[in-house]
Amino acid sequence: MKKLYLIRHAKSSWNDLNLDDFDRPLNKRGKHDAKLMAERLKSKKIKPDLIIASPAKRASITANTIAKKIGYDLGNIDFQETVYEASLSDLLTVLKSIDNKNDVVFLIGHNPSLNSLLDYLVERHDIENIVTTGMVEIELDVERWNEITKNSGKVVLFEFPKKYY
């Protein structure tokens, strides 16, 4: 059994319209929500064996905020270019290449790809949209990451900031 946490980056800033999409930072609410959700993970004693993240600024700040709060070594975050603007196929390739010594993995990225991955992995769920800083815990009925198939998972937990406002 493997566990995958799909985590969408926190809310980004649109203050500087000249910035490339890749370079957009978090806005004030995004910074707050990233810390809030990191605290939720820490309070539930959830710590990954591996964090994979998009290198886009908003995703990397989210990944670093979470890692710092839960005591994960920032130097071990695996920033993968493929996760930015990923297709479902791209994300499946990333997941299927994970070393099997890692049982719990955080994937920090973007929509619509995270929603597509959720729909692929879980046949029935009631999550319409993974909102910014939303986290979906999925139990995968596999022993190895390369065994992931359509509908091989089930949602265990869905956390998002507005649950705590």
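Values computed for the structure shown
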{"item": "Debye log10 I(q)/I(0) at q = 0.13, 0.14, 0.18, 0.22 Å⁻¹ for the range 1-76, Cα point scatterers", "result": "-0.39, -0.45, -0.70, -0.98"}
{"item": "Ranked list, fewest to most other Cβ atoms within 10 Å of each Cβ, for Met135, Met37, Met1", "result": "Met1, Met135, Met37"}
{"item": "Proportion of all alpha-carbon pairs of the chain beyond 27 Å (%)", "result": "16 percent"}
{"item": "Listed pairs Lys47/Lys163; Lys2/Lys28; Lys47/Lys154 exceeding 27 Å between Cα atoms", "result": "Lys2/Lys28"}
{"item": "Per-residue [θ]222 nm for the chain (sum of -39500 (n - 2.57) over DSSP H runs n ≥ 4, rounded to 500)", "result": "-9000 deg cm²/dmol"}
{"item": "The range 2-164: relative contact order in percent, alpha carbon pairs under 8 Å with at least 6 residues between", "result": "32 percent"}
{"item": "Convex hull volume per residue for the range 76-165, taking Cα atoms only, in Å³", "result": "105 Å³"}
{"item": "Local electrostatic count at Lys163 - Lys and Arg +1, Asp and Glu -1, tallied over other residues with Cβ under 12 Å", "result": "0"}
{"item": "Leading residue at positive end of dipole, the chain (Cβ point charges), from Tyr165, Pro55, Thr65", "result": "Tyr165"}
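Bear in mind that the values in this text are calculations on the coordinates, not laboratory data. Note that the coordinates shown come from a computational prediction; the quantities given were computed from them, not determined experimentally. All Cβ positions, glycine included, derive from the backbone under ideal geometry; neighbour counts span all protein chains shown.
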